[in-house]
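My structure is below; once you've seen it, I'll send some questions.
The values are calculated or read from the model by the stated rules, or taken from the named source; none is laboratory data. Everything numeric here is computed off the predicted structure, so don't read it as measured data. Don't worry about glycine lacking a Cβ; one is built from the backbone with ideal geometry, like all the others, and counts go over all protein chains shown.
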Amino acid sequence: MRRHPVILGLIILVALAIVFYGFFYKTGSNTSKVKGFSLNNKIGVVSVDGPIYDSIKITEELNEFGRDDSIIAVVLRVDSPGGGVAASQEIFDAVLELKKKKKVVASMGSIAASGGLLVACAADKIVANPGTITGSISAIMQFANFEELFKKIGLKSSVVKSGKYKDIGSPLRDMTPEEKKIIQELVDDIYNQFVDVVARERKLSREKVTEIADGRVFSGRKAKEYGLVDDLGDMGYAAKLASKLSGKEGKYDLVYPRKKRASIFDYFLESAANHLSDSLKEKMEPWSGVSYLYYPYR
């Protein structure tokens, strides 16, 4: 080999390539905890983690488990302060569809408030830790006003619009009382949709829900007293409950959604893109519309 340093170098490069390929192949492969062949029952786990800005990935995972006959039940692991109204509602609807085929148990993590509670309400049962932060049944819409700042720096704006309310909520001026009334009606309507869902899915009277639906948060233990949660326990307890509800008690394996295999370049590119996207969403979301969001999370 000393006489053929080029060949030796090529062998080393090939070996390194194999090692790197194996690492990234494994990174992009199925994240299931099931290793190798198993005769145990399989329970799917779908995570709703962090602020809810988009529903596509989560709904796809729910649909995937719905089509997989080897999955006997699904645990919806919620660790989220909520987020966008439409995204939360789409995940809620996807869980309802999945529930037609399989039992679904929601497992609340550190926080499952506002939109996080909404998506959990679609499950057959809800399990929370005693110290889980949940509740925040409310809707919020917020606007920034830079009018005084612009006056100080001598900046003016000109607006040409085709409708009286086209620039409602503009950061360049205060809203008129009439405009505030319009926005309040919008927020109230979306709030009432939330209350209706909680009352229907948790089998509570609307009056009982409205008594606690003022934006306040509760511990998991208190939420159980109010009827928002069925049982207290961790994710392991939720998985056992899901197995029991499916009618197939016994040993089971937790199975996570599959990730697409990617090249090294794709892996780094996707990581950078996701980080940038999440950062932009966090900055823009407060100004983009009405939310089911536990606000102090920010």
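Taking the stretch 159-169 only, how many residues are among the hydroxyl-bearing types (Ser, Thr, Tyr) and surrounded by 12 or more Cβ atoms within 10 Å (Cβ to Cβ)?
Counting residues in the stretch 159-169 that are among the hydroxyl-bearing types (Ser, Thr, Tyr) and surrounded by 12 or more Cβ atoms within 10 Å (Cβ to Cβ) gives 1.
Still on this structure, please answer the following. Which of the helices (runs of 4 or more DSSP H) contained wholly in the stretch 112-219 include at least 1 residues that are over 20 Å from the mean Cα position of the chain (by Cα)?
So the answer is 147-153, 177-201, 206-212.
May I ask you to say which residue of Lys283, Lys222, Lys251 is basic (Lys, Arg), farther than 30 Å from Ile72 by Cα and modelled with pLDDT of 60 or more?
Only one candidate passes the filter, namely Lys222.
If you don't mind, there's one more thing I want to ask. Of the conditions (1) within 22 Å of the chain's Cα centre (by Cα); (2) modelled with pLDDT of 95 or more; (3) not in a strand (DSSP E or B), Lys259 fails just one. Which one is it?
(2)
For every residue, the table says whether it meets (1) surrounded by 19 or more Cβ atoms within 10 Å (Cβ to Cβ); (2) modelled with pLDDT under 95; (3) over 23 Å from Val197 (Cα atoms); (4) not β-branched (Val, Ile, Thr).
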residue: Gly22; (1), (2), (3), (4): no, yes, yes, yes
residue: Ile43; (1), (2), (3), (4): yes, no, yes, no
residue: Asp54; (1), (2), (3), (4): no, yes, no, yes
residue: Glu60; (1), (2), (3), (4): no, no, no, yes
residue: Leu76; (1), (2), (3), (4): yes, no, no, yes
residue: Asp79; (1), (2), (3), (4): no, no, no, yes
residue: Leu96; (1), (2), (3), (4): no, no, no, yes
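Output yes when any residue across the stretch 221-235 is outside any helix (DSSP H, G or I), free of Cβ contacts under 8 Å to residues at least 24 places away in the same chain and more than 18 Å from Val105 (Cα to Cα), and no when none is.
no
Residues of the stretch 40-59 being of a type in the set (S, T, N, Q) and closer than 16 Å to Val85 by Cβ, which ones?
Selection gives Ser55, Thr59.
Any chance you could count how many residues in the stretch 36-64 are over 30 Å from Ser138 (Cβ atoms) and assigned to a strand (DSSP E or B)?
Here the count works out to 4.
Take the stretch 65-89 and flag every residue that is assigned to a helix (DSSP H, G or I) and in contact with a strand residue (DSSP E or B) (Cβ under 9 Å, 6 or more places away or on another chain).
Residues satisfying the conditions are Phe65, Gly66, Val85, Ala87, Ser88, Gln89.
Filter the stretch 170-219 down to residues that are touching a residue at least 40 places away in the same chain (Cβ under 8 Å) and of a type in the set (Ser, Thr, Tyr) and give me whichever is surrounded by the fewest Cβ atoms within 10 Å (Cβ to Cβ).
My answer is Ser219.
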